[in-house]
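These notes concern the structure reproduced below.
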Amino acid sequence: MPKLIENALLVYTDGSLHPKGRRGGYGAVFIQVNGIGEEVVVAEHSPPGVRGSTNNRMELQACIDALKIAPKMPCFEEVQTVAIRTDSRYVKDSYPLALGPWRRASWCNTDGRPVDNADLWKEFVRAYGKLRKRILIDWVKGHGKGKAKDAYNYRADALAKDAAKSPLSQPVHRSSVRRKIAPGYTKRGSVRLIGQTLVIYIIEVQRLRVQKTWKYRYQVASADSRDRHAIDWIYSTEQMRDGHYYEVQLNDNMAHPQVLAVIREVPAAEVPK
């Protein structure tokens, strides 16, 4: 368990993804901790869920809302610290990078690969910078048992799950998804890049507006490829459509996989089954 923090606004956050329909939701529990360590729940936050989201986006959005709403709490002027507690390793491990190297590198990592959810990370950085309080972001074990069980984490989780079930707003994170052409699981790095030409089938399309590029989940369709039917992610400045086949030229950088050129769209009738 994280150590006790006195004179603080403590915020438990959680995100959730409904198993049907990729519907996401998030929640937050705001707790005032006085000078002798007594805790009082002062507010709960659980907005309507969104369509077409991911669990990581919901975990991050919960933290962003916590930073934005904190100054509106009646106890805000009294406390010295705003402490956010999340069970998301993604948020805990990534936020220092967002505050530093990712932002300086135009939202790309050290390999030059675009950072996922850069739109939300930019929003996080702005909210973090405006708070003007000491900010802590701690990881807590989610859904713990016995002594590890945390009632506030459970409550934030319940709020997030309820939000995912509620009337849904229009999706902010737009992506389109098609069925795979063969069984398999998505695994980053499963397609070995050697600068080869392949025929690929586009399963999912994401527009990364911050970095002005496209992110694709694809399946190898070339009959003579040793990676046939492998499913991986790749980036390109050229637009392709989900549910279509393309002959493409790949790069040879596994750390930053890219389509260097879209040679042509391939009619489905030409692709060996």
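Screening Gly15 with (1) part of a strand (DSSP E or B); (2) exposed (fewer than 15 other Cβ atoms within 10 Å of the Cβ) gives one miss only, at (2). Checked against (1) surrounded by fewer than 17 Cβ atoms within 10 Å (Cβ to Cβ); (2) in contact (Cβ under 8 Å) with a residue 40 or more places away in the chain; (3) farther than 25 Å from Arg23 by Cβ, Ser166 passes all but condition (3). Considering segment 89-136, the qualifying helices (runs of 4 or more DSSP H), each wholly inside and each with 3 or more residues that are touching a helix residue (DSSP H, G or I) at 6+ places or on another chain (Cβ under 9 Å), run over 89-99, 118-130. When you look at Pro96, is it exposed (fewer than 15 other Cβ atoms within 10 Å of the Cβ), within 25 Å of Asp116 (Cα to Cα) and at pLDDT 95 or above, yes or no? Answer is yes for this residue. A count restricted to segment 234-269 and to residues that are among the acidic types (Asp, Glu) and either farther than 19 Å from Ile203 by Cβ or touching a Ser or Thr at 6+ places or on another chain (Cβ under 7 Å) (or both) stands at 3.
Yes/no matrix, rows are residues, columns are (1) of a type in the set (S, T, N, Q); (2) closer than 17 Å to Leu159 by Cβ:
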residue: Val40; (1), (2): no, no
residue: Gln61; (1), (2): yes, yes
residue: Asp65; (1), (2): no, yes
residue: Ile69; (1), (2): no, yes
residue: Lys72; (1), (2): no, no
residue: Ser88; (1), (2): yes, yes
residue: Lys92; (1), (2): no, no
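Looking across segment 34-79 at every residue that is in contact with a His (Cβ under 8 Å, 6 or more places away or on another chain) and not in a loop (DSSP other than H, G, I, E, B), the one that is surrounded by the fewest Cβ atoms within 10 Å (Cβ to Cβ) is identified as Ile69.
Tell me which strands (runs of 3 or more DSSP E) are completely within segment 194-268 and hold 2 or more residues being modelled with pLDDT of 95 or more and surrounded by 20 or more Cβ atoms within 10 Å (Cβ to Cβ), or say none if there are none. Talk me through it step by step, then tell me what you get.
Working: elements: 197-208, 213-220, 231-236, 245-250, 259-266.
Those strands (runs of 3 or more DSSP E) span 197-208, 213-220, 231-236, 245-250.
Considering (1) farther than 21 Å from Lys68 by Cβ; (2) at pLDDT 95 or above; (3) surrounded by fewer than 17 Cβ atoms within 10 Å (Cβ to Cβ); (4) of a type in the set (Lys, Arg), the lone condition that Arg113 does not fulfil carries the number (3).
Against the numbered list (1) closer than 24 Å to Arg207 by Cβ; (2) basic (Lys, Arg); (3) assigned to a loop (DSSP other than H, G, I, E, B), Lys20 comes up short only at (1).
The values are calculated or read from the model by the stated rules, or taken from the named source; none is laboratory data. Only a predicted model underlies this, so the values are computations on that prediction, with no experimental measurement involved. Quick reminder, even Gly has a Cβ in these numbers, built from the backbone with ideal geometry, and neighbours come from all protein chains shown.
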